[in-house]
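The values are calculated or read from the model by the stated rules, or taken from the named source; none is laboratory data. Because the structure is a prediction, the values reported are computed rather than measured. In this analysis, Cβ positions are derived from the backbone assuming ideal geometry, glycine residues included, and neighbour counts consider all displayed protein chains. Side chains are part of the model used for accessible areas, which takes the heavy atoms of the whole protein and leaves out ligands, DNA and RNA. Shrake-Rupley method; radii C 1.70, N 1.55, O 1.52, S 1.80 Å.
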Amino acid sequence: MPRAESLESWYKLHAPAVFRRARRMLGSDVEAQEIVQDVFLSLHERPQQFSGKSSVTTFLYAVTTHACFTRLRNQKNRRRLMDERSEAETQTEAGGPSPELTLLARRALSELPEDVASALVYYALDGMSHEEIARVLDCSRRHVGDLLLRAAQFARKAEA
Amino acid sequence: MTAEIARPRSERCLSDLTFDEWFAGELDPERVRVAEAHLGECGPCRDRRAELERERARFLERSPALPVRRPRRHRTAWLGAAVAAAAGMSLLVSTWRGPGGPGADQDTPGTRAKGPRRLSFFVKRGEKVTEGSSGQQVEPGDQLRFVVSAARPSHVAILSLDGAGKASIYYPSGLEASRRLEAQVAHPLEDAIELDAVLGPERIFGVFCGGAFELEPLRRKLEAERTLVAPAGCAVDELELHKVKAQ
């Protein structure tokens, strides 16, 4: 349970990653900054969210992905965000995902079930192994394989 | 199996998660040793680490401290002055009502039937901003900005049930739980909602509770039961809009 002073230190340690991942998923600095605020203010208001069973980093990965998923799933937000995003807004990072993968992940977040979309984001955007994804999703590696199989089917359809 | 979805780097490379855990001091010494050894022989991972470090520095330079206030979205910047002026006018009018005016029943649990509203809204169509009222006709593309009043600090959420029976969370956006707001009169919320193309009656529910509550169970309940009865210890203020085709 983060106290105020540890929340401040959590912010310095983890907010850059929350921002980076949210910006990639939503394609907007403004939206990503709001996710950072939402995540940390929510943690301040309800510190019991973090049970301590996982590392802070994996917990915040899951929370950030869910926050972006929720934002894209709100139909009003989705319409606005998807309308406002373009390929030009996907930034290429050294060693980061390609613009095509970034766009695919955004589509997945707005169209696929949350567990499938999250697995796709962790694999394609964050470069995580099946084992790491299993750790963040708190499930088996076999289940991660199933989720990624469904994500691959979605990718094939999107490409067709 | 996932050939169509390529990882950004090879299977042997370090993931962003590993780098972030490393930056946060969460890797045990053995994992640090393995990661350092890998960096020694992998150019792409060295580049990735350098890129992440630059990004961290840029972010902390721009946003060095935990935010204490939420900025308004750019999206709603146009609403600021008009809504503030109109909300100020509402406050003035309410104040003139005397002791029975603003917030007279605002702490009474239940679903509001009569009395001052906790929830009101403004509509922007084109460049025109007008104060809305329950029963009003709206059109797809109209933008709504909500205004709340509460006599004491409250946990607030706004949900909608559209003409197709789909429930959505309008406020707060992107959170799992309600947002706590201080006691205030005619406070415009930071987000505007753009109405989609689903026509028909749209019911808006403002939920005001003494404590925090989860949003998704409430949304599911609204969608299943097609109405929202005030949970224990909460008050619900309901508005109805009629969405018609644009003229």
Among the residues of the range A:131-160, how many are closer than 23 Å to residue B:27 by Cβ and part of a helix (DSSP H, G or I)? 9
Could you give every pair whose Cβ atoms fall below 9 Å, whose first residue belongs to the range B:149-163 and is within 16 Å of residue B:222 (Cα to Cα), and whose second residue is among the aromatic types (Phe, Trp, Tyr) and part of a loop (DSSP other than H, G, I, E, B), counting only separations of at least 6 or pairs across chains? B:157/B:213
Where residues in the range A:97-130 are more than 9 Å from chain B (Cβ to nearest Cβ) and not in a helix (DSSP H, G or I), which of them is most open to solvent (accessible area, probe 1.4 Å)? A:113
Selected residue [open to solvent by less than 40 Å² (accessible area, probe 1.4 Å), modelled with pLDDT under 85 and closer than 18 Å to residue B:122 by Cβ] from B:202, B:190: B:190
Specify the residue that is nearest to residue A:42 (Cα to Cα); the eligible residues are those in the range B:35-57 that are surrounded by 13 or more Cβ atoms within 10 Å (Cβ to Cβ) and more than 8 Å from chain A (Cβ to nearest Cβ). B:53
Output for the range A:2-19, where each listed residue is without any contact (Cβ under 8 Å) to a residue 40 or more places away in the chain and buried (at least 20 other Cβ atoms within 10 Å of the Cβ): A:11, A:15, A:16, A:19
When the residues of the range A:32-62 are narrowed to those that are more than 8 Å from chain B (Cβ to nearest Cβ) and surrounded by 20 or more Cβ atoms within 10 Å (Cβ to Cβ), which ends up farthest from residue A:103 (Cα to Cα)? A:43
Hey, which of the strands (runs of 3 or more DSSP E) in the range B:133-221, taking only ones fully inside, have at least 1 residues that are in contact with a strand residue (DSSP E or B) (Cβ under 7 Å, 6 or more places away or on another chain) and facing chain A (nearest Cβ under 10 Å)? B:143-150, B:154-161, B:167-171, B:179-181, B:184-194
